[in-house]
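These notes are about the structure you will find just below.
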Amino acid sequence: MFIDKAKIRYTSGKGGDGAVSFHREKYVAAGGPDGGDGGRGGNVYFVVDKNMSTLEGFRYKKKYKAEDGENGRNKNCTGKSGEDLYIKVPEGTIVRDAESGKIIADLSGNEPILLAKGGKGGAGNQHFATSTRQIPRFAKMGGPSESFEVILELKLLADVGLVGFPNVGKSTFISVVSAAKPKIANYHFTTLTPVLGVVSVSDEESFVMADIPGLIEGAGDGIGLGHEFLRHVDRCRLIVHVVDVSGCEGRDPKEDFETINRELEKYSPELALRPQIVIGNKCDIASREQIDEFKAFVTEKGYQFFETSVATGKGAKEVVYAVYEKLKALPPITKYEVEYIPEAEDKNSREFNIVCEDGVYYIEGEWLLQVLNDTNPDDYESLHYFQRVLRKSGIIDRLEEMGINEGDICNIYDFEFEYIR
């Protein structure tokens, strides 16, 4: 099954906590603090794997997590940093924010792209020793991880996109001009997945062509198979429009041509403006009058026209050379610009909320969880640090504005203490 869209969640590693430890050694009466720092959490990178052709691997596995950093240890030993996580995707994958749909990254190059930073390791108590605080019994907690939900969308990297109604000869054409071997049969929707083929012009010159499964009327609105794969034409620099000029299936070649172009425009007005070459296929079973009438129709619209019979190979080389010459004058394959850079919650934010219920002042703020984890309630200096944070952040001022009295109870995530002026 060809999977070209998937939703996943990835999470970086949490930073390791700093250690609270004191040096113990024979004949050393006061060795001092020697708690080591926590290790950095693992980062999350996305990287192209050219051996992958679909997003099949993301069909069942939806959650990815980098390794957490190790906690610090005694003897000033820093914890081991978490292993970075590399998520492999096919070339041409777009990463979008799941909520807004904006582009976060375009995986079209070879360099890994960092999309989630690991948490910073917490500082051990060795860093908090001063001339007046010689026995610090607290350390810093490791930094939090970052977690994001994204949509992966594969847009094939091809110079040329073959479009047209089902059974007009697109698969046969790409099999003739490249080494691609798509399934070929005389019935509609033989091709169920996009097919890529490398077309060689010479020993050193080539381009990539994509056979897009047959479009039908209404494809731009989601009808038929082709709508699932219109995204793979997005990057193409040139569109090769294959039309059955013989009308052997009872359709009008002119109407076929107009219908497909309408569907392209409906899907993307910008896509409809791409340069286009028209192939009139099945000329071996079409009358001269049919060919000339259709040729006059498309050339009048400004399109370059080629007669082919891909079943016999007639005209295929001429099309290849014309496509190559056209490509030389066109800009490179589209690379999508980043529209959105996801950010985890602001770790420096000092927002808080205070509610008084039954005489108890409940204080909430995500950043306070970090402060609580950094506080040792059994250590006077650690509690003094906690009080300074409450004062500096404006929490004490807000409590006083709300009319708090000495001896009233404050509650911060189930940690309770009496207010003392």
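The values are calculated or read from the model by the stated rules, or taken from the named source; none is laboratory data. All values reported here derive from a predicted model rather than from experimental measurement. Cβ sites come from the backbone with ideal geometry, for glycine too, and all protein chains shown count toward neighbours.
Okay, here's what the table says:
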read-out	value
Lone qualifier among Ser171, Ser175 - being small (Gly, Ala, Ser), surrounded by fewer than 22 Cβ atoms within 10 Å (Cβ to Cβ) and not in a loop (DSSP other than H, G, I, E, B)	Ser175
Residue within the stretch 65-72 that is surrounded by fewer than 16 Cβ atoms within 10 Å (Cβ to Cβ), closer than 25 Å to Ile341 by Cα and modelled with pLDDT of 90 or more present	no
Qualifying positions in the stretch 15-53 - of a type in the set (D, E, K, R) and more than 17 Å from Arg133 (Cα to Cα)	Asp17, Arg24, Glu25, Lys26, Asp37, Arg40, Asp49, Lys50
Failed item, numbered, when Lys295 is tested on (1) touching a strand residue (DSSP E or B) at 6+ places or on another chain (Cβ under 7 Å); (2) closer than 22 Å to Val201 by Cα; (3) not aromatic (Phe, Trp, Tyr)	(2)
Hey, Ile94 closer than 30 Å to Leu383 by Cβ, of a type in the set (A, V, I, L, M, F, W, C) and surrounded by fewer than 23 Cβ atoms within 10 Å (Cβ to Cβ) or not	no
Test: Lys102 is modelled with pLDDT under 90 and of a type in the set (Lys, Arg)	no
Evaluation of Val28 against (1) within 30 Å of Gln126 (Cβ to Cβ); (2) in contact (Cβ under 8 Å) with a residue 24 or more places away in the chain (one fails), failing number	(2)
Helices (runs of 4 or more DSSP H) enclosed by the stretch 298-408 - at least 3 residues per element that are farther than 30 Å from Leu107 by Cβ, out of contact with any Cys (no Cβ under 8 Å at 6 or more places or on another chain) and β-branched (Val, Ile, Thr)	none
Which numbered condition Gly57 misses (of (1) in contact with a strand residue (DSSP E or B) (Cβ under 9 Å, 6 or more places away or on another chain); (2) at pLDDT below 90; (3) in a loop (DSSP other than H, G, I, E, B))	(3)
Matching residues, the stretch 123-159, being of a type in the set (Gly, Ala, Ser), assigned to a loop (DSSP other than H, G, I, E, B) and either assigned by TED's automatic domain parsing to the domain that holds Pro194 or touching a residue at least 60 places away in the same chain (Cβ under 8 Å) (or both)	Ala123, Gly124, Ala129, Ala139, Gly142, Gly143, Ser145, Ala158
Boolean, Tyr10 is surrounded by 22 or more Cβ atoms within 10 Å (Cβ to Cβ) and under 14 Å from the mean Cα position of the chain (by Cα)	yes
Subset of the stretch 315-355 (residues that are among the small types (Gly, Ala, Ser) and at pLDDT 90 or above)	Gly315, Ala316, Ala322, Ala329
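Residue by residue, here is whether (1) touching a Pro at 6+ places or on another chain (Cβ under 8 Å); (2) farther than 23 Å from Thr375 by Cα; (3) surrounded by 24 or more Cβ atoms within 10 Å (Cβ to Cβ) holds:
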{"residue": "Gly15", "(1), (2), (3)": "yes, no, yes"}
{"residue": "Ser21", "(1), (2), (3)": "yes, no, no"}
{"residue": "Gly36", "(1), (2), (3)": "no, no, yes"}
{"residue": "Arg40", "(1), (2), (3)": "no, no, yes"}
{"residue": "Asn43", "(1), (2), (3)": "no, yes, no"}
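Every residue, every condition in (1) crowded, with 23+ Cβ neighbours inside 10 Å; (2) in a loop (DSSP other than H, G, I, E, B); (3) modelled with pLDDT of 95 or more, yes or no:
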| residue | (1), (2), (3) |
| --- | --- |
| Pro213 | yes, yes, no |
| Gly220 | no, no, no |
| Val243 | yes, no, no |
| Glu249 | no, yes, no |
| Glu255 | no, no, no |
| Arg262 | no, no, no |
| Lys266 | no, no, no |
| Leu271 | no, no, no |
| Glu289 | no, no, no |
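Residues are listed down the side, and each one gets a yes or a no for (1) of a type in the set (S, T, N, Q); (2) touching a His at 6+ places or on another chain (Cβ under 8 Å); (3) closer than 27 Å to Gly31 by Cα:
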| site | (1), (2), (3) |
| --- | --- |
| Ser100 | yes, no, no |
| Ile103 | no, no, no |
| Leu107 | no, no, no |
| Lys117 | no, no, no |
| Lys120 | no, no, no |
| His127 | no, no, yes |
| Arg133 | no, no, yes |
| Gly143 | no, no, no |
